[in-house]
Amino acid sequence: MSKILPTIGPASESISDIKKMLNISSSVRINGSHNTLNWHKKVANTVKKLKKDSTILLDVPGIKPRTANKEEILINGFENAALEYSDSDSARIGGKLGWIREDALNKIIKKELSSLKVKSITNPIFTPNGYLVLKIEDIKFLEKEYDIEKELKKLVEFKTNQQLNQFSNFYYNKVKKDVTINEL
């Protein structure tokens with residue numbers, strides 16, 4: 001004996017189509033490859049309104065690998081490749097990340113970028129979340145001036161507070177051991 005599992009998609013989302021499906025089966029499948037999450041919710045709610053005890057299977061699509069080679073990125077432009085291939089939030093703004101301090105980069109990425117010239121892109125860099133291709137738009141160097149007296153004063157203040165906190169905790173714990181409170 002075989003069972004029928006009707007599928008709801010863009011071509012079969014009308015109430016009359018869903019009613020027909022629920023007449024032949026108490027279970028339906030919603031094709032997750034189509035439309036938006038709100039559409040899926042709306043269809044699921046429609047199914048439940050029409051038949052409360054129905055079973056809904058949401059068939060979600062798997063990962064769809066997308067690949068581009070370095071030449072393709074250079075020809076079509078980094079921004080277009082980011083829009084087409086990237087899952088990152090920065091994809092919609094052409095893959096632009098903004099200024100990043102060198103000390104904020106991990107060693108592998110820093111090594112890849114260190115040999116790169118401005119306006120060039122890296123080879124794919126493997127990460128646990130997939131591959132990265134990065135482009136250096138520009139490089140700037142910042143010089144930061146330090147007031148040594150001010151920095152020394154801040155460090156002395158920090159260490160003094162640290163020692164005072166240790167002393168306070170030590171004294172509090174000693175007093176806590178020696179004090180007993182009697183009930184009235």
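Throughout, read-outs are computed from the coordinates displayed, never taken from laboratory work. What you see is a predicted model, and the numbers here were worked out from it, not measured in a lab. Neighbour counts are summed over all protein chains in view; Cβ atoms, including those assigned to glycine, are modelled from backbone coordinates with ideal geometry.
Which entries of LYS96/LYS140; LYS20/LYS51; LYS153/LYS174 have Cα-Cα distances beyond 22 Å here?
Among LYS96/LYS140; LYS20/LYS51; LYS153/LYS174, the Cα-Cα distance tops 22 Å for LYS153/LYS174.
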Karplus 3J(HN,Hα) series, Hz, for the range 41-57 with 6.51 cos²θ - 1.76 cosθ + 1.60 (x for Gly, Pro): 4, 4, 5, 4, 5, 4, 4, 5, 5, 6, 8, 4, 8, 6, 9, 10, 10
For a quick size check, give me the Cα extents of the range 70-132 along its three principal axes, largest first, whole Å. 29, 23, 22
Among beta bridges assigned by DSSP with both residues in the chain, the antiparallel ones amount in percent, to the nearest 5, to 35
Can you list the HN-Hα couplings for the range 82-92, worked out from phi with the Karplus curve (6.51, -1.76, 1.60; θ = phi - 60°), rounded to whole Hz and with x for Gly and Pro? 4, 4, 7, 10, 8, 9, 6, 4, 6, 4, 6
Rounded, prolate or oblate: which fits the range 32-73 when a ≥ b ≥ c are the square roots of the eigenvalues of the alpha-carbon gyration tensor, with rounded for a/c under 1.5 and prolate only if a/b beats b/c? prolate
Going highest first, how would you order 67-75, 17-25 by mean Cβ packing within 10 Å? 17-25, 67-75
Largest fluctuation, LYS153, LYS41, LYS135 only, Gaussian network model of the chain with Cα springs under 10 angstrom, belongs to LYS153
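Within a Cβ distance under 11 Å of THR46, other residues only, what is the Lys/Arg minus Asp/Glu net charge?
Residues near THR46 contribute +4 overall.
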Determine the dipole magnitude for the range 70-132: charges of +1 sit on the beta-carbon of Lys and Arg, -1 on that of Asp and Glu, nothing else is charged, the reference point is the Cα centre, and the result goes in debye to the nearest 20. 300
For LEU164 and ILE125, what does the FRET efficiency come to when R0 = 41 Å and r is the distance between their Cβ atoms, rounded to the nearest 0.05? 0.30
Computed, not fitted: 222 nm per-residue ellipticity of the chain from DSSP H runs ≥ 4 (each -39500 (n - 2.57)), nearest 500, equal to -13500 deg cm²/dmol
What is the gain in length, in nm to one decimal, between VAL156 and ALA44 on full extension, counting 0.36 nm per residue of separation less the C-alpha to C-alpha distance? 33.9 nm
Could you name the aspartates and glutamates in cross-link range of LYS70, using Cα to Cα under 20 Å and dropping any fewer than eight places away on the same chain? GLU79, GLU84, ASP87, GLU112, GLU137, ASP138
From the square roots a ≥ b ≥ c of the eigenvalues of the alpha-carbon gyration tensor of the chain, which class results: rounded (a/c under 1.5), prolate (a/b over b/c), or oblate? oblate
Assertion target for THR122, THR180, ordered by fewest C-beta neighbours within 10 angstrom first, is THR180, THR122
Please report, in cubic angstrom per residue, the volume enclosed by the convex hull of the alpha-carbon atoms of the range 108-184. 256
